[in-house]
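Notes to accompany the following structure.
The values are calculated or read from the model by the stated rules, or taken from the named source; none is laboratory data. In this text the structure is predicted, and so the values were computed from the model without any measurement. Methodologically, a virtual Cβ is constructed for each residue, glycine included, from the backbone with ideal geometry; neighbour enumeration extends over all protein chains shown. We work out accessible area using only protein heavy atoms, side chains counted, and drop any ligands, DNA or RNA first. Shrake-Rupley method; radii C 1.70, N 1.55, O 1.52, S 1.80 Å.
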Amino acid sequence: MSGPLSASASPAVQDRLGRALRDLRISVTDRCNFRCVYCMPKEVFGKDYQFLERGEILTFEEIARLARVFRGLGVEKIRLTGGEPLVRRRLEQLIEMLARIPGLDLTLTTNGSLLKRQARALKDAGLQRITVSLDSLDDAVFQRMNDVDFPVAGVLEGIEAAAAAGLAPIKINMVVKRGENGDSILPMARFFRGTGHILRFIEYMDVGHTNGWRMDDVVTAREIVERVGTEMPLEPVDPNYPGEVAERWRYRDGSGEIGVIASVTHAFCRDCTRVRLSTEGKLYTCLFATQGHDLRALLRGGASDDEIHAAVSGIWSKRADRYSEIRTAQTARLPKIEMSYIGG
Ligand code: SAM
């Protein structure tokens, strides 16, 4: 263990565009209890869909070991995601293991459906904060989007439980897809304004190959800010840190802030410090990468921490991805890895 941890004092590894490795997203399961039409549509992820077998997915010990190696490479933030991370059994045990790694900002993205029951245990295990996805406050719209009839109230209860447990600040992610939930932008802004929770609007992206993405479906960040700002005046705020993904806007009356994630219209590749670890231990240097690097083979093949450290360092130093900056209607049609597998 001493190798990678001692390496945390060495200069952070940089990729070919001079970007450091700072954030690690870990997909802890490829399964989800929702079938969001833009992410895991039922027609593809139906009864016959072959999810990963238990033996294929990384164990908590393997994930924690990799997390320590990544910490040694300069990673400062870990986000657990999926699939739906809260469907992975005894997730709090993993959180406990990760929380023991010094100097890590530890967070998680969830659809909120199981949060009411788990919020306290997650916090007690060492989770610091949380992001909850919610695409509408209107049951008809939300249920059409999650496609499993899950009610808005269930997610709101999860958010309340997270707030009561002290998982703050809570961020709320809303993916906006034209024709689906565009009309929910203003009600969502009104509802979360003044609560201390930070609502973030995400441009609908061409991830995976199952969602049939078209540029016309994207409601742009600019349009969202205009719509919200017309009713509730906004002013821009500086990023919390260089390379922050969300552009921040605050209500002029001091009642809080919102964020917009313009992954399509204002790509942020040049500041991208993220890497993704899939459920079965493949490392992806971009959300839109088609090839992963098999770290599970190293783990299970007896590689030492130093060897894994060297392998990841080599992968990162060759990285030149900037998919979103060069996206076109043509690239949007290229084969891609599903977000539920690679980790959203
Ligand atoms: N199940 C968890 C959840 O719902 O938050 C974590 C995984 S989910 C893939 C992570 C985030 O990705 C969610 O906020 C989801 O709305 C977002 N997402 C999924 N597909 C997307 C797409 N095509 N464009 C933009 N965001 C997307």
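Taking the range 110-148 as the region of interest, how many residues are closer than 22 Å to residue 35 by Cβ, more than 14 Å from the ligand (Cβ to nearest atom) and touching a Gly at 6+ places or on another chain (Cβ under 8 Å)?
Looking only at that region, the number is 1.
In the range 203-255, what residues are open to solvent by less than 30 Å² (accessible area, probe 1.4 Å), in a strand (DSSP E or B), touching a helix residue (DSSP H, G or I) at 6+ places or on another chain (Cβ under 9 Å) and within 29 Å of residue 286 (Cβ to Cβ)?
203 - this is the single residue of the range 203-255 that is open to solvent by less than 30 Å² (accessible area, probe 1.4 Å), in a strand (DSSP E or B), touching a helix residue (DSSP H, G or I) at 6+ places or on another chain (Cβ under 9 Å) and within 29 Å of residue 286 (Cβ to Cβ).
Does residue 163 qualify as being under 19 Å from residue 199 (Cα atoms), aliphatic (A, V, I, L, M), away from the ligand (no atom under 16 Å from the Cβ) and not in a loop (DSSP other than H, G, I, E, B)?
yes
Of the residues that sit in the range 176-202 and are away from the ligand (no atom under 16 Å from the Cβ) and of a type in the set (Gly, Ala, Ser), which one is least open to solvent (accessible area, probe 1.4 Å)?
It comes out as 189.
Please find, within the range 284-326, the residue that is surrounded by the fewest Cβ atoms within 10 Å (Cβ to Cβ) out of those that are of a type in the set (Gly, Ala, Ser) and not in a helix (DSSP H, G or I).
Among residues in the range 284-326 that are of a type in the set (Gly, Ala, Ser) and not in a helix (DSSP H, G or I), the one surrounded by the fewest Cβ atoms within 10 Å (Cβ to Cβ) is 302.
Tell me which of these residue 194 doesn't satisfy, since it passes every other one: (1) farther than 19 Å from residue 114 by Cα; (2) modelled with pLDDT of 95 or more; (3) not in a loop (DSSP other than H, G, I, E, B).
Residue 194 satisfies all of (1) farther than 19 Å from residue 114 by Cα; (2) modelled with pLDDT of 95 or more; (3) not in a loop (DSSP other than H, G, I, E, B) except (3).
Which condition from (1) among the aromatic types (Phe, Trp, Tyr); (2) over 20 Å from the mean Cα position of the chain (by Cα); (3) within 15 Å of the ligand (Cβ to nearest atom) is the one that residue 251 breaks?
(3)
Take the residues in the range 45-92 that are among the acidic types (Asp, Glu) and in contact with a strand residue (DSSP E or B) (Cβ under 9 Å, 6 or more places away or on another chain); name whichever of them is nearest to residue 21 (Cα to Cα).
76
Looking at (1) farther than 24 Å from residue 314 by Cβ; (2) at pLDDT 95 or above; (3) more than 16 Å from the ligand (Cβ to nearest atom); (4) open to solvent by 40 Å² or more (accessible area, probe 1.4 Å), which is the only condition residue 47 fails?
Unmet condition: (2).
Please go through the range 264-283 and give me each residue that is open to solvent by 10 Å² or more (accessible area, probe 1.4 Å) and under 16 Å from residue 339 (Cα atoms), ordered by number.
Once the filter is applied, which keeps residues that are open to solvent by 10 Å² or more (accessible area, probe 1.4 Å) and under 16 Å from residue 339 (Cα atoms), the range 264-283 yields 264, 274, 276, 280, 282.
For the range 28-48, give me the residue count where each residue is in contact with a Lys or Arg (Cβ under 7 Å, 6 or more places away or on another chain) and closer than 17 Å to residue 87 by Cα.
Matching residues across the range 28-48 total 4.
Conditions tested, residue by residue: (1) touching a helix residue (DSSP H, G or I) at 6+ places or on another chain (Cβ under 7 Å); (2) of a type outside the set (Ser, Thr, Tyr).
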site: 69; (1), (2): yes, yes
site: 78; (1), (2): yes, yes
site: 81; (1), (2): no, no
site: 86; (1), (2): yes, yes
site: 99; (1), (2): yes, yes
site: 117; (1), (2): no, yes
site: 135; (1), (2): yes, yes
site: 147; (1), (2): no, yes
